[in-house]
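**Q** Following this message is one structure expressed as structure tokens.
The values are calculated or read from the model by the stated rules, or taken from the named source; none is laboratory data. Computed from a predicted structure; not experimentally measured. Neighbour counts run over all protein chains shown; Cβ positions are idealised from the backbone, glycine included. SASA here: full protein model, heavy atoms, side chains in, ligands and nucleic acids out. Shrake-Rupley method; radii C 1.70, N 1.55, O 1.52, S 1.80 Å.
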Amino acid sequence: MKILVTGGAGYIGSHMVSLLEKSGHEVTVMDNLSNGHRDSIGETPFILGDIGDRSLLDQVLAENSFDAVMHFASFIQVGESVTSPSKYYNNNVSKTLVLLDAMVNAGIRKFIFSSTAAIFGEPIYSPIDESHPKSPVSPYGRTKLFVEQVLADYRQAYGLKSVSLRYFNAAGADPDGKNGERHHPETHLIPLILKAASGERDSITVYGKDYETPDGTCIRDYIHVVDLCEAHLLSLMHLSSGGDSAAYNLGNGQGFSVLEVIAAAEKVTQKEIRVKNGNRREGDPPRLVADSRMIKQELGWTPHYPEIETIIKHAWKFENQ
Ligand SMILES: NC(=O)c1ccc[n+]([C@@H]2O[C@H](COP(=O)([O-])OP(=O)(O)OC[C@H]3O[C@@H](n4cnc5c(N)ncnc54)[C@H](O)[C@@H]3O)[C@@H](O)[C@H]2O)c1
Ligand SMILES: O=c1ccn([C@@H]2O[C@H](COP(=O)(O)OP(=O)(O)O[C@H]3O[C@H](CO)[C@H](O)[C@H](O)[C@H]3O)[C@@H](O)[C@H]2O)c(=O)[nH]1
């Protein structure tokens, strides 16, 4: 199939490009490089452009007969979305609408969307399944929930079918160490811990040790980036074989506290990691763990790298490139 990957120069998008190409698909990336890296996608056809640019989109969609769009392009920092909501509503909502309208206009009816655990807000129960109430507590989470709702309306009115994948904590790297996570600034726990292990940073700060969890630190469900990409591939197959719109939670169903992740990283790297205690970060729920049984049952998704040590090992390999 011919796939347009928006945000394909970013962390998850670039791993997706590589998996799509390995699986025999033809890929074009559109990215404005606001956060991505041109060198993470090698020779893949690349369009430097913004998904909010309707005339560019019309031209690109007219020149290529894409079968589907995978949409990774967005801003991703929960904290920043609280202080700069306009930036998030513009980029993640308004520009996604431009993309969807251009697709409808061009007759493309398959869409795979990067959603997030942040659409659920403070969990009422754990693990979180698809029917858990959706009550985001950040503008970032609201942008993603809004797009999911738009997708339901576009399915109804225009026949545009979509799969929304609600990632919990994406982590890890290409097992061969050639590609990995390069956010600037980096805010995610595992790459920050590994930078403390390598000496690039002096220490890791734990954001809060007074949560109602066994060791007082936040619990998250870390999912390997390649397993996330596999779920996208299965979603693509689902839509191309006539499947209807769907939304799935994606995680390993196992939670690790911040201190447990640091301990696992010390084991993997064989380095002592300096830990500082910091205040809670605003908007961090104490525990986010996914119930991913639905995507396993319906699409046959099976994670290849569920262990936290493997996830950290692959990220460490990339860190040492
Ligand atoms: N990283 C995570 O743990 C996580 C968790 C849940 C959901 N997600 C979602 O997954 C997707 C990818 O996340 P990531 O970690 O790879 O982020 P990333 O920042 O590495 O990648 C996003 C890419 O989109 C591009 N981009 C942003 N706005 C654009 C625009 N208007 N036009 C064109 N390109 C644009 C950026 O340049 C970047 O290359 C995002 O939609 C994010 O919300 C990520
Ligand atoms: O220096 C740090 C960085 C993070 N943490 C803690 O580590 C955990 C994981 O934090 P990340 O920033 O790595 O990930 P988040 O859980 O905050 O965010 C992820 O999940 C969100 C959904 O809840 C969004 O989708 C977001 O894009 C995605 O990165 C949190 O408890 C956080 O407080 C620290 O203690 N110190």
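**Q** When segment 90-110 is examined, which residues are found to be more than 16 Å from ligand 2 (Cβ to nearest atom) and within 16 Å of residue 145 (Cβ to Cβ)? So that I can check it myself, show each step before the final result.
**A** At the first step, the residues of segment 90-110 found to be more than 16 Å from ligand 2 (Cβ to nearest atom) are 90, 94-95, 97-110.
Listed by number, the residues that qualify are 94, 97, 100.
**Q** Also: Checking residue 297 against (1) in contact with a strand residue (DSSP E or B) (Cβ under 9 Å, 6 or more places away or on another chain); (2) more than 16 Å from residue 190 (Cα to Cα), which single condition isn't satisfied?
**A** Every condition holds for residue 297 apart from (1).
**Q** A further question on this structure: So is residue 204 more than 25 Å from residue 291 (Cα to Cα) and in contact (Cβ under 8 Å) with a residue 24 or more places away in the chain or not? Walk me through how you get there before you give the answer.
**A** Numbers: more than 25 Å from residue 291 (Cα to Cα): yes; in contact (Cβ under 8 Å) with a residue 24 or more places away in the chain: yes.
Spelling it out, residue 204 is indeed more than 25 Å from residue 291 (Cα to Cα) and in contact (Cβ under 8 Å) with a residue 24 or more places away in the chain.
**Q** Mind counting the residues in segment 211-227 that are among the aliphatic types (A, V, I, L, M) and surrounded by fewer than 24 Cβ atoms within 10 Å (Cβ to Cβ)? Give the steps one after another, and end with the answer.
**A** Start the filter on segment 211-227 by keeping residues that are among the aliphatic types (A, V, I, L, M), which leaves 219, 223, 225-226.
Remaining after also requiring surrounded by fewer than 24 Cβ atoms within 10 Å (Cβ to Cβ): 219, 226.
Summing the residues that are among the aliphatic types (A, V, I, L, M) and surrounded by fewer than 24 Cβ atoms within 10 Å (Cβ to Cβ) in segment 211-227 gives 2.
**Q** Given the residues 246, 231, 290, which is the only one that is under 28 Å from residue 139 (Cα atoms), buried (at least 21 other Cβ atoms within 10 Å of the Cβ), in the same structural domain as residue 11 (by TED's automatic domain parsing) and of a type in the set (Gly, Ala, Ser)?
**A** On the way: 246 fails: buried (at least 21 other Cβ atoms within 10 Å of the Cβ); 290 fails: in the same structural domain as residue 11 (by TED's automatic domain parsing).
Going through 246, 231, 290 in turn, just one is under 28 Å from residue 139 (Cα atoms), buried (at least 21 other Cβ atoms within 10 Å of the Cβ), in the same structural domain as residue 11 (by TED's automatic domain parsing) and of a type in the set (Gly, Ala, Ser): 231.
**Q** How do the helices (runs of 4 or more DSSP H) wholly within segment 69-154 filter down when requiring 3 or more residues that are open to solvent by less than 60 Å² (accessible area, probe 1.4 Å) and at pLDDT below 95: which remain? Explain how you work it out, then say what you get.
**A** On the way: elements: 78-83, 85-88, 95-106.
Hits in segment 69-154: 78-83.
**Q** Residue 57 versus (1) open to solvent by less than 20 Å² (accessible area, probe 1.4 Å); (2) within 26 Å of residue 167 (Cα to Cα): which is the lone unmet condition?
**A** (2)
**Q** Oh, and also: Among the numbered conditions (1) farther than 21 Å from residue 224 by Cβ; (2) out of contact with any strand residue (DSSP E or B) (no Cβ under 7 Å at 6 or more places or on another chain); (3) at pLDDT 95 or above, tell me where residue 283 comes up short.
**A** Checking residue 283 against (1) farther than 21 Å from residue 224 by Cβ; (2) out of contact with any strand residue (DSSP E or B) (no Cβ under 7 Å at 6 or more places or on another chain); (3) at pLDDT 95 or above, the one that fails is (3).
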